[in-house]
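Worksheet: the structure to be examined is printed underneath.
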Amino acid sequence: MDTRSDSAKAWLPAECRQVIEDAEKTLLSDDLDRIDTALHALVEAHELHMDIESIGLNAGTNVINPRAAALLGRSLGNRPSLGYPGDKYEMGMEHAERIEIVTEALVRRLFNAPFAEIRVGSGALANLYAFMATCRPGDRIMAFPPEMGGHVTHHRAGAAGLYGLEIHPVPYDAARMTIDLDRLRRETIRLRPKVITVAGSLCLFPYDVGAVRAIADEVGAWVLYDAAHMAGLIAGGRFQAPLAEGAHLMTCSTYKAFGGPPSGLVMTTEAELAERIDKIAYPGLTANFDLGKTAALAFSVLDLLAHGVAYADICIANARALGEAMAAEGLPVHTIAGRGQTESHHLALHAAAFGGGQTASKRLAKANLLLCGIGLPIAEVAGDLNGIRIGTQEITRWGMEPKDMRQVARLLARVLKGNEAPGQVRPDVIRFRRDFQTLRFVRAV
Ligand SMILES: *Cc1c(COP(=O)(O)O)cnc(C)c1O
């Protein structure tokens, strides 16, 4: 056997193995300068594609303030920083530890949270911290199932399962996209979970966190709100205020609607949980926690403190306008009788007519219209996701407004319904996108 077949990942799908093999063949050689040049060219091509020539409608991404982004490349991030400010293991940290102090205080201010943990690598790890602070392996939790947007970190393959938790679904009412509170109460009393997790990767409408808390209190369970996607709106005082409504814990990613560097946060109202999370962060799961990323996060929080309300309002207004425009184009927007299409920056389309969520997304991507599939509580699509998810956070930061949404809907409909070749729509996408190249809702000093 040659070394190539030894290192081939036999468990990967064949088409992925093919892509990897082709890229290795064209990009790798013994000429290190050639590899260096190729890597730089890839970065340039990626940024041109994503930041300039595509309409980014993937709810799970955003553009970052260039001033925050610049901090990610500083030497600050290379320096480890272990222990509490005022008593760091390393010497010379008297400036750095103040960055940590300020960032944490700004996060607490942003979310009106008594406690915040910033030494968290990602939203997935934030959920692991929350589970570790509240559960022992073998304990039960309840979480949204995939068809209600429940995230893999709540499930067997992710943080919850890897930590050894027994996972049960939060019962839901599909027709109303709500938690079925009567069944949740019965199941909670029967299962006595340690944690009830609320929210997930698609949040069209707020959830009744107060009612979940009342049910949790009957068995002494903790309530965890996963704000990976909604944190950017919650920061602006929109959508809902999970901690004020009764969640003991709120986790989030910081690179989705939040618009910051890739990272995670854990907020809590409970001193008891905050102390456990502090020790999970250090000495538990981090040593160096990347001060460069921490400083970038502080600048992203300043953006949200300054502009978060207007940003959240336009994200939501854009989603409403896009939802209406897509429906007018005849696209099957997921709509709830009496509630409408959305109260957030998210929208969902039924994907069955387009071959499934990922199949449709791959077709749209060829037209530079970027989004992803999602699970919806409707009929399944064999071999694919049954929904398409849209988020307006990135196009909002690029300056698009409700008046622009008819054109976005038209471009989507030309690929999805009009059966135009994506390559034919692509130049029109690039042309339209050209007018939106300046970031809004970022502080420029
Ligand atoms: C994206 C997401 C996460 C994971 O966040 P990362 O920062 O990417 O690790 C966790 N929970 C939900 C609901 C998500 O959508």
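The values are calculated or read from the model by the stated rules, or taken from the named source; none is laboratory data. On a predicted model such as this, the values are computed, not experimentally measured, just so you know. All Cβ positions, glycine included, derive from the backbone under ideal geometry; neighbour counts span all protein chains shown. With ligands, DNA and RNA removed, areas are computed over all heavy atoms of the protein, side chains included. Shrake-Rupley method; radii C 1.70, N 1.55, O 1.52, S 1.80 Å.
Collect residues whose amide H, placed 1.01 Å from N in the peptide plane, falls under 5 Å from the amide H of Ile179; neighbours closer than 5 in sequence don't count. The list, which skips near neighbours in sequence, is Asp173, Asp208. Divide the volume of the convex hull around the Cα atoms of region 144-299 by the residue count and you get 116 Å³ per residue. From the Kirkwood radius over Cα pairs of the chain, Stokes-Einstein at 4 °C and 1.567 mPa s returns a whole-number translational diffusion coefficient of 56 µm²/s.
Rolling a 1.4 angstrom probe over the protein heavy atoms with all chains in place gives the chain an accessible area of 45 Å² per residue. If I compute solvent accessible area with a 1.4 Å probe over the protein chains, what percent of it on the chain is carbon and sulfur? Carbon and sulfur atoms account for 54 percent of the accessible area of the chain.
Taking the Cα of Arg190, stepping 7 Å toward and past its beta carbon, and measuring to each backbone N in region 199-219: which are under 17 Å? Answer for this model: 216, 219.
Simple rule: put +1 on each Lys or Arg Cβ and -1 on each Asp or Glu Cβ in region 308-433, find the dipole, and look at Ile430, Gly308, Ala360; the Cα lying farthest toward the positive end is Ile430. Annotation: extensible slack from Arg431 through Asp51 equals 135.5 nm (criterion: 0.36 nm per residue apart, minus Cα-Cα distance). Dipole magnitude for region 67-301: computed about the Cα centre from +1 point charges on Lys and Arg Cβ and -1 point charges on Asp and Glu Cβ, it is near 340 debye.
Calculated mean residue ellipticity, 222 nm, the chain: -13000 deg cm²/dmol, from DSSP H runs (n ≥ 4) at -39500 (n - 2.57) each, averaged per residue and rounded to 500. Protection proxy ranking of 77-90, 233-246, 256-269, by the mean of other Cβ atoms within 10 Å over each peptide's residues and highest first, is 256-269, 233-246, 77-90. Rounded to the nearest whole Hz, the Karplus-based 3J(HN,Hα) values (6.51 cos²θ - 1.76 cosθ + 1.60, θ = phi - 60°) of region 383-400 follow the sequence x, 7, 6, 9, x, 10, 9, 10, x, 9, 5, 6, 5, 5, 5, 7, x, 6, with x at glycine and proline.
Think of each Lys and Arg Cβ as +1 and each Asp and Glu Cβ as -1; about the Cα centre, that makes the dipole of region 307-404 roughly 200 debye. Within the straight-line cut-off of under 19 Å between alpha carbons, the aspartates and glutamates reachable from Lys403 are Asp313, Glu324, Glu329, Glu343, Glu394, Asp428, Asp435, sequence neighbours fewer than 8 places apart in one chain being disregarded.
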